[in-house]
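Data first, discussion second: the structure below is written as structure tokens.
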Amino acid sequence: MLKKMLENNINVVKEVSNWEEAIKIAAIPLKEGGFIKEEYIDAMIENIVKNGPYVVIMPGLAIPHSRPEDGVLKTGISLLKLHQSVKFPEGKDVELLIVLAANDSHMHLQLISELTNLLMEDDVMEKLSCAKSKEEVLRCIC
């Protein structure tokens, strides 16, 4: 399910000016696809401002998300690959953002589980780090 959901929701960008812009760009496919409202993007950013960079789950990887009631219309996931990493609060460098939007806690847990399994596969993070295009990102996850 995860790979199918990501297929049309990948962006690759050279660089961004700050982590807030990275989240906004990462969420564009979900907003344009009718998965989330603008409020969801604002809520993801506000969560990090309030709670710190808890979404940076490992070096180089952030999984920004918020609660379903913050503007999720339907479950979706998007990915942003940055050629130049961006600093999140507390100086955490991130080059890969995966935005989760789940309309219930069951779907949220299922997506997290699938994402964890994918990222634990041999060399996936290293390959994603080296990816320069949407096609290369897709090859890493498919």
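Values quoted throughout were computed directly from the atomic coordinates according to the rules given, and no laboratory measurement underlies them. Quantities reported herein were computed from a predicted structural model and do not represent experimental measurements. A quick note on method: Cβ atoms are made from the backbone with ideal geometry, for glycine too, and the neighbour counts reach across all protein chains shown.
If you take all other residues with their beta carbon under 11 Å from the beta carbon of Asp70, and give Lys and Arg +1 and Asp and Glu -1, the sum is -3. Among beta bridges from DSSP that stay inside the stretch 2-141, the antiparallel ones total about 65%.
Which part of the stretch 34-77 falls in the paramagnetic zone of Asn8, meaning amide N under 16 Å from the point 7 Å along Cα-to-beta-carbon? So the set is 34-36, 74-77. Computed from the Cβ-Cβ distance with R0 of 25 Å, the FRET efficiency linking Glu38 to Asp104 stands at 0.75. Along each principal axis, taking the top coordinate minus the bottom one, the Cα set of the stretch 2-141 gives 35, 32, 24 Å in descending order. Over the chain, Cα pairs under 8 Å with separation of 6+ residues give a relative contact order of 29 percent. Sorting 125-133, 72-80 by their mean Cβ neighbour count within 10 Å, with the most densely packed peptide first, gives 72-80, 125-133. Near Lys3, once Lys and Arg are set to +1 and Asp and Glu to -1 for all other residues with Cβ below 13 Å from its Cβ, the sum equals -1.
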